[in-house]
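**Student:** Pasting a structure below so you can have a look.
Nothing in this text is a laboratory measurement; each read-out follows from the coordinates by a stated rule. Worth saying up front: this structure is predicted, and the values here are computed from it rather than measured. Heads up, the Cβs are rebuilt from the backbone with ideal geometry, glycines too, and the neighbour counts pull from every protein chain shown.
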Amino acid sequence: MQLAKNVIDLGLSFNDLEPMLRFWQQDAGLRFDHMQPIRRGQKQYRHDAHGSVIKLNHHVEPLPDAAPSGYRELIVAREGVTAPQRMADPDGNSVCLVTPGHDGITQIAVAMVVRDLAAHRRFYGEILGFAEQSWSGGPAFRLGDSLILLSEDRAATVDPIRSARGWRYITLQVTDIDAVHDGLRAKGVREGLAPVTLGEVARISMILDPDGNWIELSRRASIVGSLSDH
């Protein structure tokens, strides 16, 4: 898969806005970029981490405390950090700051737990076409400058709910979203959401990994210049 943006994004959902913004901007040190209305009762506060967008999705209506997704920790390379600094936001979501190069992380990494390493290695390597490398906990995959770090946990959640608190999805920016989506479906990848156009902002779809974790495919006008493939 050819990425239109050489990094991945990560989405977080929550209810209590002010403590979360304070943590992510002050404690975690992410730069606030802008707020994007998503739908009635949901606004996305977009924060920058070395080009990756950390999407803080604020929901007015109470979100359920559902089982966590496989996405368990955001790791950010930060100059001046001498030893890993682990923190948790007000909802308990994990973030870790590391020195650039730690475990091969030069930008961001997303640590995942999966039920079957072999299935996910095939998914990220053979189906999505990303390069495998290793980290201290097992296999990893390089998605542009970003990393997905995999570790096996037979008790990892199957088919986690997308609309619940916590880390819920990653986003891959692609140019020909319809062709990519259809090609993955033809390879047996489960569909979470058929391609849909969101005004003049983006055309998106959702696919599911072998455990049912959500992966958004996005063709964003601000990145590719148009929502049309032609």
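**Student:** Could you compute the net charge surrounding Gln26? Neighbours are other residues with a C-beta less than 12 Å from the C-beta of Gln26; K and R count +1, D and E count -1.
**Tutor:** It works out to a net charge of -1.
**Student:** Determine the gain in length on full extension of the stretch His50-Asp116; use 0.36 nm per residue of separation and subtract their C-alpha separation, reporting nm with one decimal. Please report the intermediate quantities before stating the final value.
**Tutor:** Values: separation 66, 0.36 × 66 = 23.76 nm, distance 3.03 nm.
Fully extending the segment from His50 to Asp116 adds 20.7 nm.
**Student:** Give, rounded to the nearest 20 debye, the magnitude of the charge dipole that the chain has about its Cα centre when Lys and Arg contribute +1 at Cβ and Asp and Glu contribute -1 at Cβ. If you can, show how the numbers build up before the last one.
**Tutor:** Values: 25 positive and 29 negative charges, 43 e Å.
Result for the chain is approximately 200 debye, rounded to the nearest 20.
**Student:** Tell me the mean residue ellipticity at 222 nm calculated for the chain from its helices only (DSSP H runs of n ≥ 4, each -39500 (n - 2.57), averaged over every residue, nearest 500).
**Tutor:** Details: 4 runs with 25 residues, N = 230.
Helix contribution divided over all residues of the chain: -2500 deg cm²/dmol.
**Student:** Further, regarding this structure: Give me the net charge of Ala194's neighbourhood, meaning all other residues with Cβ under 15 Å from the Cβ of Ala194; Lys, Arg count +1, Asp, Glu -1.
**Tutor:** Spelling it out: positives minus negatives among the neighbours equals +1.
**Student:** For a quick check: with amide H placed at 1.01 Å from N, whose amide H comes under 5 Å from Trp135's, ignoring anything fewer than 5 positions away on the same chain?
**Tutor:** Ala140
**Student:** Return the distance in nm (one decimal) between the two label points of a simple spin-label model at Val158 and Ala83, each offset 7 Å from Cα along Cα→Cβ.
**Tutor:** With each label placed 7 Å out from Cα toward Cβ, I get 4.1 nm.
**Student:** Sticking with this one: Once the dipole of the chain is set up with Lys and Arg at +1 and Asp and Glu at -1 on Cβ about the Cα centre, which of Gln36, Ile105, Pro19 lies farthest towards its positive end?
**Tutor:** Gln36
**Student:** Once the piece of chain linking Glu126 and Ala221 is laid out straight, how much longer is it, given 0.36 nm per residue of separation minus the C-alpha distance between them?
**Tutor:** Using 0.36 nm per residue and subtracting the Cα-Cα distance, I get 31.3 nm.
**Student:** Under 10 Å from the Cβ of Gln173, count the other residues' Cβ atoms, weight Lys and Arg +1, Asp and Glu -1, and hand me the total.
**Tutor:** +1
**Student:** May I pose another question? So what J values fall out for the stretch 153-164 if you push phi through Karplus, 6.51 cos²θ - 1.76 cosθ + 1.60 with θ = phi - 60°, rounded to Hz, Gly and Pro as x?
**Tutor:** For the stretch 153-164, the Karplus curve yields 8, 4, 9, 4, 4, 9, 6, x, 6, 6, 8, 8 Hz.
**Student:** Applying the Karplus parametrisation 6.51 cos²θ - 1.76 cosθ + 1.60 with θ = phi - 60° to the phi angles of the stretch 44-58, what ³J(HN,Hα) value in whole Hz is obtained for each residue in order, glycine and proline being reported as x?
**Tutor:** Each residue's phi maps through the Karplus curve to give 10, 9, 8, 10, 9, 10, 6, x, 7, 9, 8, 8, 8, 8, 8 Hz.
**Student:** Which order, highest average first, do 35-48, 92-105, 169-182 follow once you tally other Cβ atoms within 10 Å for each residue and take the mean per peptide?
**Tutor:** 169-182, 92-105, 35-48
**Student:** List, in order, the whole-Hz ³J(HN,Hα) value for each residue of the stretch 194-210 obtained from phi through the Karplus relation with A = 6.51, B = -1.76, C = 1.60 and θ = phi - 60°; use x for Gly and Pro.
**Tutor:** Going residue by residue, I get 5, x, 9, 9, 9, x, 10, 8, 7, 10, 10, 8, 10, 10, 10, 7, x Hz, with x marking Gly and Pro.
**Student:** Between (i) 107; (ii) 115; (iii) 138, which entry matches volume of the Cα convex hull per residue in Å³ as derived from the coordinates of this structure?
**Tutor:** Entry (ii).
**Student:** Follow-up question, since we're still on this one. Any idea how far apart Lys43 and Ala67 come out in nm if each label point goes 7 Å out from Cα toward Cβ?
**Tutor:** A separation of 3.4 nm, rounded to one decimal place.
**Student:** Efficiency by 1/(1 + (r/R0)^6): what FRET value for Met35 and Leu193, r their Cβ-Cβ distance, R0 = 22 Å, to the nearest 0.05?
**Tutor:** About 0.45, to the nearest 0.05.
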